[in-house]
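Notes follow the structure.
The values are calculated or read from the model by the stated rules, or taken from the named source; none is laboratory data. Because the structure is a prediction, the values reported are computed rather than measured. Here Cβ is always computed from backbone atoms with ideal geometry, including for glycine, and neighbour counts include all displayed protein chains.
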Amino acid sequence: MSRLDWTVLVVYVVAIVAFGIWAGRGNKKIDDFFLAGRQMRWWAVGLSVMATQISAITFVGTTGQAYTDGMRFLVVYFGLPFAMVILCMTLVPFFYRARVFTAYEYLERRFDSRTRTATSLLFLLSRGLSVGVTLYAPSLVLSVLLGWSESATILLMGGSTIAYVIYGGNKSVIWTDVVQMAVIWFGIFLCFGVAIAQIPPTVTFTDALAVARTAGRLDIMNTSPSLTEPYTLWSGLIGGLFLMLAYFGCDQSQVQRYLSGSSLTQSRLSLLFNAFLKVPMQFLILLTGVLVFVFYHFHLPPLLWNRGELARLERVAAPSEVARVQSHFEAAHAARRRAAERYAQTREDVDASLYHQAADAFDATRGEAIALLRQADGRAAAPAPAATPTWLSRILGLKPASYSDTNYIFPTYILTYLPRGLAGLVVAVIFAAAMSTLSGELNSLATASMVDFYKRFLRPAGGDVHELLVSRLLTAFWGAFACLIALQAGRLGSAIEVVNKFGSYFYGSILGVFALAVLTPRASAAGAFWGLLAGMASVWAVATFSSVHFLWYNVVGAVVVFVVGLALTALGGRTDRRTG
Amino acid sequence: MDPSSLPPDPDEEEPVPIFRTWPRIYAAVVVCTLVTMALIALFSSWDY
């Protein structure tokens, strides 16, 4: 990065921390610290909800995925608007009228303390571990591309976020999210515009889309009924609906955002704001990735996107072999370019077929480089022992990791081709995306720890000053924990996948418990609790013994909890519903 | 806690902007989403 890029990045980070501290002043009690005094307007909460969902790795990963796999990932968001409407009609009024701090607090009033403790504990476990991954993943990408120390990147990103969240709580989170979301939107439009501008003038925008279409990058609507095929229209609509219902309805990191609304109307509007904007925004992000894909037909990409791996390849493999693969790669790229230009001019089927052959040959040369790296690794040393024990990998259904450098595509493009100053700004966008997710997660972890555990089991009435102090200490604890996990993540290897899988096992099940609470006045506490365990077990069984795509896991979990909960209630013969 | 026994929030009567009622704004979200999906399907299958 140039000096101007560095200046932009440093000014951005300093300014956002200063703004967060300024915006978060005036907290006197935990209502202020955790729910921003319940005084926020819909547009601020709506932008915060959006910013919390867009993590840095979503931003760089989604564009990378569009490059390698096309836009079909978009279907995951098709269920979101419907989920928002359902939540506005059901859970949001319940939470708001109950004046709760956490979603799980509501479950104690509706069922019993055991259900509240179990669900809140599951949230703390999964979110507490995943917050480290939220911090680690973008830090890894940026450290490789910018040549920074991984630890320094983690501590800069984590430390600056922790500073303003400890001081200002949810007010700081929401107001900085508003700014960060504006920066993210600006960054998306900027990258989109630059990608179009840098395609050669002989290739029109329509030509670019024609090439992308023939390469399968614009395939979105797959109507296959298969449960194992990824990202079909139905898995997006149904699985995506359940995923979004679980995320926005039962995950404290989101619930806490909209509970900060100054009225029920404001809270509902914040979610509907997302319902209108989310799909178009994801479309634009994915289309940017597709345009980068077309762009690299006319500009030579690196042999491997991960600079660290490329340097390692040059270090461990014989120079003559690396030169041979590089030469194949460049020849294949030139052939693909010619085929793309030819197809863009003619749009003939025969030229489409020639393009596919050239594209396959090009992909094969990248495969040669990866194979060479693996081969050289095998000669250099015995493989390192797996971080996850074999028995655990078997139970969780983990497969050996395949080589992937998808997350490096978009940052490589930014740092190589964006004009000076703008590259620093887009790196600031990646920082913004990471910090906005991290801030919301830290604040929600502190809230669940404080309200669902500390205030219940240790000191129910400690006074405003004491409670505010403990809330800040808990924020600091979760921030330090996130940094610690992120610093160790490189050594954890596939344990990161364990963390991600662990979350997917109970997300839908918790949704099932909330569905029981809201939709069935007769459901019993025992039904909810044992239904939750049955739901988690079912998802584990489906994930381990079948090839069903992960978007269906939440459907399985929620439906099993609901059915088992109702059955146990009926068998119990009575309701133990509380009137709280 | 019986949901129906929960007291309505005083601010619940705050007017719904533009659409005036909740059913209308929900319908607008659903219609807008369906139109967006139709446009995406068109974009995806267009013969450029």
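Structural remarks
- Condition check for residue A:152: of a type in the set (Gly, Ala, Ser), free of Cβ contacts under 8 Å to residues at least 40 places away in the same chain, out of contact with any helix residue (DSSP H, G or I) (no Cβ under 6 Å at 6 or more places or on another chain) and within 16 Å of residue A:289 (Cα to Cα): no
- Of all residues making up the stretch A:63-101, the number that are over 21 Å from the mean Cα position of the chain (by Cα) and over 20 Å from residue A:272 (Cβ atoms): 4
- Some residue of the stretch A:124-138 being at pLDDT 90 or above and in a helix (DSSP H, G or I): yes
- Options A:109, A:25: the member that is of a type in the set (Lys, Arg) and within 24 Å of residue A:439 (Cα to Cα): A:25
Yes/no matrix, rows are residues, columns are (1) on the phi > 0 side of the Ramachandran plot; (2) among the small types (Gly, Ala, Ser); (3) modelled with pLDDT under 95; (4) surrounded by fewer than 17 Cβ atoms within 10 Å (Cβ to Cβ):
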site	(1), (2), (3), (4)
A:304	no, no, yes, no
A:309	no, no, yes, no
A:312	no, no, yes, yes
A:320	no, yes, yes, yes
A:327	no, yes, yes, yes
A:343	no, no, yes, no
A:350	no, no, yes, yes
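- Only a single criterion out of (1) away from chain B (no Cβ under 14 Å); (2) more than 22 Å from residue A:454 (Cβ to Cβ); (3) in contact (Cβ under 8 Å) with a residue 40 or more places away in the chain is not satisfied by residue A:124, namely (2).
- Looking across the stretch A:84-126, the residues that are of a type in the set (D, E, K, R) and over 19 Å from residue A:509 (Cβ atoms) come down to A:97, A:99, A:109.
- The one condition from (1) without any contact (Cβ under 8 Å) to a residue 40 or more places away in the chain; (2) within 16 Å of residue A:156 (Cβ to Cβ) that residue A:17 does not meet is (1).
- Checklist (1) more than 30 Å from the chain's Cα centre (by Cα); (2) in the same structural domain as residue A:63 (by TED's automatic domain parsing) applied to residue A:288, failing item: (1)
- Only a single item in (1) more than 13 Å from chain B (Cβ to nearest Cβ); (2) surrounded by fewer than 23 Cβ atoms within 10 Å (Cβ to Cβ); (3) more than 29 Å from residue A:122 (Cα to Cα); (4) not hydroxyl-bearing (Ser, Thr, Tyr) is not met by residue A:292, and it is number (2).
- Residue list for the stretch A:226-285, filter: of a type in the set (D, E, K, R) and either more than 12 Å from chain B (Cβ to nearest Cβ) or surrounded by 24 or more Cβ atoms within 10 Å (Cβ to Cβ) (or both): A:229, A:251, A:257, A:268
- Annotation: of all residues in the stretch A:341-371 being under 33 Å from the mean Cα position of the chain (by Cα) and aliphatic (A, V, I, L, M), the one that is farthest from the other protein chains (Cβ to nearest Cβ) is A:371.
- Identity of the residue in the stretch A:511-541, among the polar types (S, T, N, Q) and either outside any helix (DSSP H, G or I) or touching a residue at least 60 places away in the same chain (Cβ under 8 Å) (or both), that ends up farthest from the other protein chains (Cβ to nearest Cβ): A:524
- Applying the criterion of being hydrophobic (A, V, I, L, M, F, W, C) and more than 9 Å from every other protein chain (Cβ to nearest Cβ) to the residues of the stretch A:97-121, the residue that is surrounded by the most Cβ atoms within 10 Å (Cβ to Cβ) is A:107.
- For the stretch B:5-40, filtered to residues that are more than 8 Å from chain A (Cβ to nearest Cβ) and surrounded by 14 or more Cβ atoms within 10 Å (Cβ to Cβ), the residue that is modelled with the lowest pLDDT is B:19.
- Selection from the stretch A:193-225 of residues that are part of a helix (DSSP H, G or I), of a type in the set (A, V, I, L, M) and more than 10 Å from every other protein chain (Cβ to nearest Cβ): A:194, A:195, A:196, A:197
- Each residue in the stretch A:164-197 was checked for being closer than 25 Å to residue A:33 by Cβ and surrounded by fewer than 17 Cβ atoms within 10 Å (Cβ to Cβ), and 1 of them qualify.
- Looking only at the stretch A:53-96, and only at residues there that are more than 18 Å from residue A:412 (Cα to Cα) and of a type in the set (Phe, Trp, Tyr), the one that is farthest from the other protein chains (Cβ to nearest Cβ): A:73
- Comparison of A:336, A:374 shows that the only residue that is away from chain B (no Cβ under 14 Å), part of a helix (DSSP H, G or I) and buried (at least 17 other Cβ atoms within 10 Å of the Cβ) is A:336.
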